[in-house]
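The values are calculated or read from the model by the stated rules, or taken from the named source; none is laboratory data. Note that this is a predicted model, so its numbers are computed, not measured. FYI the Cβ positions are ideal-geometry reconstructions off the backbone, even for glycines, and counts take in every protein chain you see. Surface areas here come from the heavy atoms of the whole protein model, side chains and all, with no ligands, DNA or RNA. Shrake-Rupley method; radii C 1.70, N 1.55, O 1.52, S 1.80 Å.
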Amino acid sequence: MGTVGGGELPVAAPAAADADRARLQQLGYKQELKRGLSVVSNFAFSFAIISVLTGVTTTYNTGLRYGGPASMTLGWLVVATFNGCVALSMAEICSAYPTSGGLYYWSAKLAGNEWAPLASWVTGWFNIVGQWACTTSVDFSLAQLIQVIILLSTGGANGGGYLASKYVVLAIYTAILVVHGLINSLHIQWLSWFGQLGALWNVAGVFVLVILVPSVAKERASAEFVFTHLNTDNGMGIHSKAYILAVGLLMSQYSSIGYDTSAHMTEETKKADWSGPMGIVYSVALSSVFGWVYLLALTSVVTDIPYLLDTGNDAGGYAIAQALYDTFRRRYGTGAGGIACLVIIAVAVFLCGTACVTSNSRMGYAFSRDGAMPFSHLWYRVNKQEVPFNVVWLSVSVAFVMALTSLGSQVAFQAMVSIATLGLYIAYALPIFFRVTTARKSFVPGPFHLGRCGIAVGSVAVLWVALVTVLFCLPVAYPVAKDTFNYTPVAVGGVLVLSLVAWVLHARFWFRGPITNV
């Protein structure tokens with residue numbers, strides 16, 4: 001570390017940029033992306049992609065139907081606790097290996113020489129498919145939200161409002177994707193600005209809505225209702241309270257995904273071995289707090305669950321939209337204030353989608369750099385602005401194809417939320433599993449580490465992910481029919497089977513895990 005470019009320097013410690021470059025070279029890569037992000041910018045990307053305004057709002061119907069207020073408000077605390085273990089374990093590993101590859105690189109380093117290629121391969125594919133599904137679910141949720149805003153703005157479903165067809169919703173979704181592709185083609189400084197805007201918007205949006213919504217409401221739910229009411233009248237044929245609560249956890253779990261973004265942005269972050277872990281930890285911690293407060297504010301105006309979930313209401317069954325619309329209409333005689341609240345949420349969802357494509361493209365860039373993707377030589381390129389331009393548009397294209405399932409079956413498309421959740425959490429858990437097993441004694445921590453607690457925290461994280469994987473693959477309605485079938489195990493199992501088949505038939509002959517390019 002005392003030389004730069006072969007010349008000796010009488011310097012006690014290298015500059016931060018040189019230290020980051022040197023560490024990346026030790027991990028096997030040369031600096032190719034522009035390293036211009038601070039710890040705040042790195043945190044902002046993960047905080048924007050977690051986006052509690054996005055996760056809570058777009059999956060609120062699921063939480064309300066399966067368990068209702070009790071499953072959401074108390075379930076959130078349970079999920080936040082165990083997600084904290086996952087985040088801490090990931091942060092510890094990120095500090096040791098700050099590269100854009102993130103999870104699949106970690107698996108390769110922690111699984112041991114014999115299993116490294118396969119571990120890296122499976123982790124990488126779960127990670128990138130989960131990210132594709134995340135981009136798809138976020139941007140499609142935004143298209144649906146825009147459609148509801150237009151519906152309510154034109155009179156509502158019962159007042160002659162405009163109800164867009166599934167083809168119009170798909171067209172809106174396509175336009176959103178294209179805009180996100182254009183934004184992610186910009187220089188990293190512009191992306192940093194959008195990331196910070198996303199973080200600030202979520203904080204400000206939660207602050208405004210938490211104060212505004214309960215204060216406007218003429219009718220508010222009691223504290224007993226918010227914390228103890230269990231909705232068993234879900235119309236899905238499920239009567240077991242434990243089962244209902246388990247399925248209802250999906251809302252809370254989905255609302256806390258995407259913080260691997262901080263790891264994928266480390267090659268563009270200064271002091272990466274500290275800033276990356278801090279981005280993960282702080283984004284999850286603050287999102288857990290802000291999300292719970294926001295959830296309480298929304299649930300305080302939920303007084304008639306069957307009505308809010310009824311597809312015959314003005315919002316077409318979009319529970320939160322109907323609740324906000326009615327709250328302002330009862331107070332002021334017009335639902336315009338509720339529509340304004342939905343616009344605030346829509347902007348947060350848009351900024352979340354921007355961060356999704358950013359994270360997705362960096363993962364794709366790193367994965368193709370190691371030759372793991374078909375036509376890797378096309379995706380592993382950066383343009384004059386040092387942006388992985390080609391893989392940005394690959395991410396957009398795959399997300400578009402995934403959304404085509406909405407034309408055939410809305411139920412099949414809803415599985416995208418579960419795929420995004422489980423795909424990413426399985427990818428999160430695999431390197432943690434190797435950290436607490438094969439690398440139990442050999443792991444060399446970075447500046448951020450958990451000390452003696454590392455093994456215990458990591459073990460809890462792995463067990464939690466194993467549990468939710470089983471829970472979210474359970475049937476969501478009885479009797480099981482075509483329109484109520486849970487496609488999650490098919491999709492998640494499909495990723496596993498296809499990745500293993502590709503490994504056995506092809507990849508095992510040439511894929512050796514991360515490839516050094518120094």
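So, S359, is that one open to solvent by 10 Å² or more (accessible area, probe 1.4 Å) and small (G, A, S) or not? Judged against the criteria, S359 is not a match.
Within segment 221-237, can one find any residue that is among the small types (G, A, S), out of contact with any helix residue (DSSP H, G or I) (no Cβ under 7 Å at 6 or more places or on another chain) and closer than 14 Å to A44 by Cα? Can you show your working first?
Of all residues in segment 221-237, those among the small types (G, A, S) come to 221-223, 235, 237.
When the remaining residues are screened for being out of contact with any helix residue (DSSP H, G or I) (no Cβ under 7 Å at 6 or more places or on another chain), the result is 222-223, 235, 237.
Among the residues that remain, those that are also closer than 14 Å to A44 by Cα are: none.
So far as segment 221-237 goes, no, none of its residues is among the small types (G, A, S), out of contact with any helix residue (DSSP H, G or I) (no Cβ under 7 Å at 6 or more places or on another chain) and closer than 14 Å to A44 by Cα.
Pull up segment 156-178, narrow it to residues that are outside any loop (DSSP other than H, G, I, E, B) and free of Cβ contacts under 8 Å to residues at least 12 places away in the same chain, then point me to the one that is nearest to the chain's Cα centre (by Cα). Show your work before the answer.
At the first step, the residues of segment 156-178 found to be outside any loop (DSSP other than H, G, I, E, B) are 166-178.
Applying the additional criterion that residues be free of Cβ contacts under 8 Å to residues at least 12 places away in the same chain yields 171, 175.
On the way: A171: 23, A175: 21 Å.
Among those residues, the one meeting the criterion is A175.
Would you point out which residue out of W121, W106, W132 is hydrophobic (A, V, I, L, M, F, W, C), within 23 Å of S46 (Cβ to Cβ), open to solvent by 10 Å² or more (accessible area, probe 1.4 Å) and touching a helix residue (DSSP H, G or I) at 6+ places or on another chain (Cβ under 7 Å)?
Working: W121 fails: within 23 Å of S46 (Cβ to Cβ); W106 fails: open to solvent by 10 Å² or more (accessible area, probe 1.4 Å).
Being hydrophobic (A, V, I, L, M, F, W, C), within 23 Å of S46 (Cβ to Cβ), open to solvent by 10 Å² or more (accessible area, probe 1.4 Å) and touching a helix residue (DSSP H, G or I) at 6+ places or on another chain (Cβ under 7 Å) holds for just one of W121, W106, W132, which is W132.
When segment 293-307 is filtered for residues that are within 21 Å of I257 (Cα to Cα) and either among the hydroxyl-bearing types (S, T, Y) or within 17 Å of the chain's Cα centre (by Cα) (or both), only Y294 remains.
Summed over segment 78-107, the residues that are hydrophobic (A, V, I, L, M, F, W, C) and within 18 Å of L463 (Cβ to Cβ) give a count of 10. Restricted to helices (runs of 4 or more DSSP H) entirely inside segment 35-154, those with at least 1 residues that are out of contact with any Ser or Thr (no Cβ under 7 Å at 6 or more places or on another chain) and closer than 29 Å to R329 by Cα are 52-58, 60-65, 69-96, 116-153. Of all the numbered requirements in (1) free of Cβ contacts under 8 Å to residues at least 40 places away in the same chain; (2) open to solvent by less than 10 Å² (accessible area, probe 1.4 Å), L378 misses one, and that requirement is (2). Residue check: is W274 at pLDDT 90 or above, out of contact with any Cys (no Cβ under 9 Å at 6 or more places or on another chain), aromatic (F, W, Y) and open to solvent by 10 Å² or more (accessible area, probe 1.4 Å)? So W274 passes the test. S192 versus (1) assigned to a helix (DSSP H, G or I); (2) polar (S, T, N, Q); (3) surrounded by fewer than 21 Cβ atoms within 10 Å (Cβ to Cβ): which is the lone unmet condition? Of (1) assigned to a helix (DSSP H, G or I); (2) polar (S, T, N, Q); (3) surrounded by fewer than 21 Cβ atoms within 10 Å (Cβ to Cβ), only one is false for S192: (3).
What are the residues in segment 204-214 that are surrounded by 15 or more Cβ atoms within 10 Å (Cβ to Cβ) and either over 26 Å from V39 (Cβ atoms) or of a type outside the set (G, A, S) (or both), if any?
As a first pass, look at segment 204-214 and keep what is surrounded by 15 or more Cβ atoms within 10 Å (Cβ to Cβ): 205-206, 209-210, 212-214.
Across segment 204-214, the qualifying residues are V206, L209, V210, L212, V213, P214.
Let's see how each residue does on (1) surrounded by 14 or more Cβ atoms within 10 Å (Cβ to Cβ); (2) among the small types (G, A, S); (3) modelled with pLDDT of 90 or more:
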site: R440; (1), (2), (3): no, no, yes
site: F443; (1), (2), (3): yes, no, yes
site: F448; (1), (2), (3): yes, no, yes
site: G458; (1), (2), (3): yes, yes, yes
site: A461; (1), (2), (3): yes, yes, yes
site: V465; (1), (2), (3): yes, no, yes
site: T488; (1), (2), (3): yes, no, no
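If you go through segment 296-325 one residue at a time, how many are in contact (Cβ under 8 Å) with a residue 24 or more places away in the chain and in a helix (DSSP H, G or I)? Qualifying residue count, segment 296-325: 14.
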